[in-house]
Amino acid sequence: MNSILTGSPWPLGGQARARLRVMLVGAQFLALGLTMGAWATQLPALQTRFGYTAQALSAVLLVMAAGAVLAFLGCARLMRAIGPRSFVRVTGPLAGYALVGTMLVDETLPLAVLAFVLGWASAAFDVAINSSAVELERDHGRSLMSKLHAMFSLGGVLAAAAAASVDWSGLHPLWLAAPAALLISLLALAAPETRAAAPLARTGSAAGAAGLPWRIALAALLCLLCEGTMYDWSAVYMAQVWTMPLGLSVAGFGLFSAAMAFGRFSGDALRDRFGGAAVLWPGCLLAAAGALLCVFAGHAALALLGFVLVGLGLSNVIPILFALAPRAGSASPESAIAFVSGVGFAGFLIGPALVGLWSALASFETSLLIVVAAALGSGVLASGRALRR
C-alpha cells in the first residue's frame, strides 16, 4: 500500500497489480456512493433543521447542481494541469470536507456555499474514477463497468443503514458524515498514477464537438436525472407522503440502492451475453413502471416496491452507456467517457432541483412523474440503430 501512496513502482506482479487496481477503483466508487448517500439520507433532517419547504430545499440542491456543471466545464483543464492522480487527491477530500460542513452549519448562506463545493468536488471525482474504469475495461478486455458502479450503489445501501442507526440512536449526523469523509479522503490519497489524463473534449482537435457522443451523453443525463431524484428525494418522499419517521424514511432510499447494487453485480454478465443495447430499453421501461407505482400505489409497501423496480431498471443503464460512449463518436475513449460522465452527473444533481419546481406547479406527491418521463426519454435516446450496432 505504501507504493500506492507514494507513487513508487508497484512491487507486485502484473496480475496482482491489476487486481489491486480494480479493487482500489471499486473502493473509490463505494466511497463516493457512501458520501452521496450520507448527504441524501440527511436531507429530511436538514429540511426540518432549517424549516425549509420543498421549494427551498430544491434551491439548495440547485446550487449543488451548479457546482457540478462548473466541474464539467472546467475540470479538464485542471486535470491536465495537475495530473489525474493529484486531481483525485484534491477532489476526494474536498467532497468529504464539504459533506461534514453541511452537517455543522445553521445558516442558509454557508449551507449553499458548502453544497456548491460538494457538487463540484463530487462531480469532478466522479469523472476521474469513471475514466479510470474505462481504462481498466480496456486493459482487462472484459466488462467491469457494472460491477464498479455496483460499488457506488453499495455505498448508498451502507449509508442508508448507517443513517437509520444514527437516527434511532439519537446521534449527531456527523457520526455518518465523518466516516464517509475519512474513507473518500484516504482512498483518494491512495490513487496511483494512471496513463490517461482523462480530458474532456479536446478543443480544436480533429474530433471536436461533432466527434463527441452527444446522444449517449443526453441519455446519461436523463438516466442520472432519475437516479439523482431518487437519491435526494426518496427519504423525504417517504417522510412527507407516507408520514414515516426519520429512522424509517430511509427505507425507500435503501431499497432503491440495494436494487441498484443487485442489478449491477449481475449486469456485466448480461452485457457480455446479450449486448449492452439489448438491456437498455427494458431497464428504462421497468424504471418508468416503478416510478408510476410509487406515485399511484395507494400504500407505503407498494411505494417501496416501486423504489425497488426503479433501482433494478436503472441499475445497468449508466454502466452500459459509459461503455458505449467510446464507440458512439470519433473522440478518444478518455474524452468520450469523461464527456458523458460529466454531462450525466450534471443530470444527477439537476433532477432533484426539478422536484421543487414540480411541487410548486403541481404537487410533491406526483413529483416522481419526472422519473417516468426521464427514464422513457433515456431509453429512446439509447435505442438508436447505430448504438445497437
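Here, each number is a calculation from the coordinates, and none is a lab measurement. Predicted, not measured: the structure shown is a model, and the values here were computed from it. When we count neighbours, we look across all protein chains shown, and the Cβ atoms used for this are built from the backbone with ideal geometry, even at glycine.
Give me the dipole magnitude in Debye, nearest 20, for the chain about the Cα centre, with unit charges on the beta carbon: positive for Lys and Arg, negative for Asp and Glu. Please list the in-between numbers first.
Numbers: 21 positive and 14 negative charges, 264 e Å.
Value, rounded to 20: 1260 debye.
By the beta-carbon count within 10 Å of each Cβ, the least crowded to most crowded order of Ser257, Ser315, Ser169, fewest first, is Ser169, Ser315, Ser257. Its residue count N sets the reference 2.2 N^0.38 Å, and the alpha-carbon radius of gyration of the range 213-319 equals 1.09 times that reference. Considering only Phe116, Phe296, Phe307, the mean-square fluctuation computed in a Gaussian network model of the chain, springs between alpha carbons under 10 angstrom, is largest for Phe296.
Report the paramagnetic label zone for Ser383: residues of the range 345-377 whose backbone N is under 18 Å from a point 7 Å from Cα along the Cα-to-Cβ axis. So the set is 371-377. Note on the range 41-177: percent of Cα-Cα distances in each 5 Å bin, starting at 0 and stopping at the bin with the largest distance, equals 2, 9, 15, 18, 19, 16, 10, 6, 3, 1, 0.
Could you work out the relative contact order of the range 90-139? I mean the mean sequence separation of Cα pairs under 8 Å and 6+ apart, divided by the number of residues, in percent. Mind showing how you got there, number by number?
Numbers: 29 pairs, mean separation 21.5, N = 50.
Reported as a whole number, the value is 43 percent.
Sort Glu135, Glu227, Glu365, Glu107 by Cβ crowding within 10 Å, fewest neighbours at the top. Kindly include the intermediate steps, with their values, before the conclusion.
Values: Glu135 20, Glu227 30, Glu365 15, Glu107 8.
Neighbour counts put them in this order, fewest first: Glu107, Glu365, Glu135, Glu227.
Counting only whole DSSP H helices of the chain, the ones at least 20 Å long by C-alpha along their axis and with mean Kyte-Doolittle hydropathy no lower than 1.0 are 54-82, 174-189, 251-265, 276-296, 300-314, 333-361. Once C-alpha pairs closer than 8 Å and six or more residues apart are averaged by separation and normalised to the residue number of the chain, the relative contact order reads 26 percent.
Helices in the chain, meaning DSSP H runs of at least 4 residues, each add -39500 (n - 2.57). Divided by all residues, the mean residue ellipticity at 222 nm is -26500 deg cm²/dmol. Here are some values of semi-axes √(5λ) of the Cα gyration tensor in Å: (1) 52, 20, 18; (2) 30, 24, 19; (3) 44, 25, 18. Which one was computed from this structure? Derived directly from the coordinates: (2). Computed over the range 277-364, the range of Cα coordinates on each principal axis works out to 48, 30, 14 Å, biggest value leading. Ranked by how many other Cβ atoms sit within 10 Å of their own Cβ, fewest first, the residues Leu32, Leu20, Leu111 fall in the order Leu20, Leu111, Leu32.
With the gyration tensor restricted to C-alpha atoms of the range 246-300, the semi-axes of the equivalent ellipsoid amount to 27, 16, 5 Å, longest first.
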